[in-house]
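Since the structure comes first, as structure tokens, the remarks are kept for the end.
The values are calculated or read from the model by the stated rules, or taken from the named source; none is laboratory data. Just so it is clear, the structure is predicted and the values come from calculations on it, not from any experiment. All Cβ positions, glycine included, derive from the backbone under ideal geometry; neighbour counts span all protein chains shown.
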Amino acid sequence: METGRLWRWLLDTPTDAPAATILLRLMAGSVFLWEGVLKFVYANQGVGRFTKLGFPFPQATANFDGAFEIVGGLLVITGFLTRLVSIPFVVEMLVAMLSTKIPLYLGTSPLPLPPSPPQVGFWAVLHEIRSEYAQLMTTGFLLLAGPGRWSLDALLSRRRAEGVRGACGAVPA
């Protein structure tokens with residue numbers, strides 16, 4: 001896909017996704033928003049977590065990730081630049097899953113184990129991955145289907161279409 005077509009696909013989002021898509025946007029966007037806030041409010045959710053997981057520059061990484069989740073969550077909630085912000089959210093969920101669930105499977109996680117069995121292995125991973133999996137699938141849906149009719153992206157698309165129709169319908173005097 002050529003670069004121009006890719007940017008058009010990302011920015012000129014379809015407006016025909018079901019109206020209920022707003023529920024998915026509200027769910028995913030609000031989870032990203034509050035998880036971003038938590039990274040600043042509780043050190044064990046931000047810099048402490050990134051340190052335990054061995055991320056480079058844990059303070060900067062936690063701050064960047066927290067700020068991205070807050071801003072990106074608000075963008076998803078409002079349905080603005082939805083496809084564009086969905087891409088890094090998909091990547092973020094994949095990184096979160098790989099960095100936390102492989103060690104859980106192997107029993108080597110530096111993070112606290114789940115409070116009750118299963119605590120390690122396949123079933124522990126399936127149980128503990130549910131939030132990341134839901135966020136991954138929801139942002140994947142938004143990437144493919146777009147933000148739906150009740151979004152800023154759809155509103156801007158309608159306004160652009162009205163502007164084109166108005167410009168094309170104008171008859172020179």
Practice task
Please specify each residue of segment 96-133 satisfying the condition of being without any contact (Cβ under 8 Å) to a residue 12 or more places away in the chain, under 22 Å from PHE32 (Cβ atoms) and either basic (Lys, Arg) or surrounded by 13 or more Cβ atoms within 10 Å (Cβ to Cβ) (or both).
Solution key: ARG130
Completion exercise
Flagged in segment 44-54 as part of a loop (DSSP other than H, G, I, E, B) and either farther than 15 Å from GLU92 by Cα or free of Cβ contacts under 8 Å to residues at least 40 places away in the same chain (or both), in numbering order, are ASN44, GLN45, GLY46, GLY54
Practice task
Kindly list, by first and then second residue, each pair from a residue in segment 1-18 that is more than 9 Å from GLY146 (Cα to Cα) to a residue that is small (Gly, Ala, Ser) and assigned to a loop (DSSP other than H, G, I, E, B), limited to pairs with Cβ atoms under 6 Å and residues at least 6 apart or on different chains.
Solution key: none
Exercise for the section: Answer yes or no as to whether ALA60 is farther than 17 Å from MET137 by Cα and at pLDDT below 95. Expected result: no
Fill in the blank from the handout: Of the residues in segment 19-32, those that are buried (at least 19 other Cβ atoms within 10 Å of the Cβ) and free of Cβ contacts under 8 Å to residues at least 12 places away in the same chain come to none
Problem - From the options PHE68, PHE64, PHE50, residue that is under 30 Å from TRP9 (Cα atoms) and crowded, with 17+ Cβ neighbours inside 10 Å - result: PHE68
Handout entry: Test for VAL85: is it surrounded by fewer than 18 Cβ atoms within 10 Å (Cβ to Cβ) and assigned to a helix (DSSP H, G or I)
Key = no
Fill in the blank from the handout: Subset of segment 63-100, residues at pLDDT 95 or above and of a type in the set (D, E, K, R), comes to ASP65, GLU69, GLU92
Fill in the blank from the handout: In segment 117-173, anything modelled with pLDDT of 85 or more, over 29 Å from ILE22 (Cα atoms) and either under 24 Å from the mean Cα position of the chain (by Cα) or in a helix (DSSP H, G or I) (or both) is listed as PHE122, TRP123, ALA124, VAL125
